[in-house]
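Chemist: Have a look at the structure that comes next, please.
The values are calculated or read from the model by the stated rules, or taken from the named source; none is laboratory data. Owing to the predicted nature of the structure, the values given are computational and were not obtained by experimental measurement. With ideal geometry, Cβ positions are generated from the backbone for all residues, glycine too; neighbour counts draw on all protein chains shown. Please note that ligands, DNA and RNA were not included when accessible areas were found on the heavy atoms of the full protein model with its side chains. Shrake-Rupley method; radii C 1.70, N 1.55, O 1.52, S 1.80 Å.
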Amino acid sequence: MKNYIAIHTFKSEELRTRYLETVSQMEPSDIIAAVTGPKAECQMNWMGADGTDNAVCFWKAEDPDAIIEQLGEMNNFFDTDCHEMMDEYSDFSTMR
């Protein structure tokens, strides 16, 4: 699978709030199941601390369509822009 950074932009503040409420009521195992499939697996995600309308996720996926497909009904909350990343990366924490 390839590496992707996905930027999820919430369609409205109301939908962002509903998304956060929904996820906060889910069991961790249910969240993992929702973002894990045979063609795409979310590795990490970050939400802006300042109420930004974006979330950023690191995915391993066959292609961008596999990410959208895996998100399923979550696509109702946000639009997703996927960017393929090179396999090589710099881990600055190991260089300090």
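Chemist: Just the accessible area for K11, please: 1.4 Å probe, Å², rounded to the nearest 10?
Modeler: 100 Å²
Chemist: Net charge near A55, counting Lys/Arg +1 and Asp/Glu -1 over other residues with Cβ under 15 Å of its Cβ?
Modeler: -3
Chemist: Angle check, please: helix 13-24 long axis (alpha carbons) against the longest principal axis of the chain (alpha carbons), in degrees 0 to 90, nearest 10.
Modeler: 80 degrees
Chemist: Over the chain, what is the relative contact order in whole percent, taking alpha-carbon pairs under 8 Å and six or more residues apart?
Modeler: With pairs under 8 Å counted, the relative contact order is 46 percent.
Chemist: Could you pull the accessible area for T94 with a 1.4 Å probe, rounded to 10 Å²?
Modeler: 100 Å²
Chemist: Next question, about the same structure. If you rank R18, R96 by how much accessible surface each has, with a 1.4 Å probe, what is the order from largest down?
Modeler: R96, R18
Chemist: Summing -39500 (n - 2.57) over the DSSP H runs of n ≥ 4 in the chain and dividing by its residue number, what mean residue ellipticity at 222 nm do you reach, to the nearest 500 deg cm²/dmol? It would help to have the intermediate numbers written out before the result.
Modeler: Working: 3 runs with 27 residues, N = 96.
After summing the helix terms and dividing by the residues of the chain, the value is -8000 deg cm²/dmol.
Chemist: Calculate what fraction, in whole %, of the accessible area of the chain sits on carbon and sulfur atoms when a 1.4 Å probe is rolled over the protein chains.
Modeler: Numbers: 3400 of 6550 Å².
Here carbon and sulfur together make up 52 percent of the probe-accessible area.
Chemist: If you don't mind, there's one more thing I want to ask. Show the residues, 5+ positions off or on another chain, whose built amide H is closer than 5 Å to the amide H of Q43.
Modeler: Those qualifying (amide H under 5 Å, at least 5 residues apart or on another chain) are F58, W59, K60.
Chemist: I'd like the distance between the alpha-carbon centres of the range 19-96 and the range 1-15, rounded to an integer number of Å.
Modeler: Cα centroid to Cα centroid, the span is 7 Å.
Chemist: When a/c reaches 1.5 or more, the comparison of a/b and b/c decides; with that in mind, is the range 1-50 rounded, prolate or oblate per its Cα gyration tensor?
Modeler: Oblate is the answer for the range 1-50, as a/c is 1.5 or above yet b/c matches or exceeds a/b.
Chemist: Among the chymotrypsin sites (Phe, Trp or Tyr not before Pro) in the range 57-96, which ones are in a DSSP loop with at most 14 other Cβ atoms within 10 Å of the Cβ? Mind listing them?
Modeler: Qualifying residues, ordered by number: Y89.
Chemist: Over the range 29-73, average the accessible area per residue using a 1.4 Å probe and give it in Å², no decimals.
Modeler: Normalised by residue count, the accessible surface of the range 29-73 is 60 Å².
Chemist: Given the convex hull over the Cα atoms of the chain, what projected area results after averaging over all orientations, in nm²?
Modeler: Answer in nm², one decimal: 7.1.
Chemist: Which of A61, A49, A33 moves the most in a Gaussian network model of the chain with Cα springs under 10 Å?
Modeler: So, out of A61, A49, A33, the one fluctuating most is A49.
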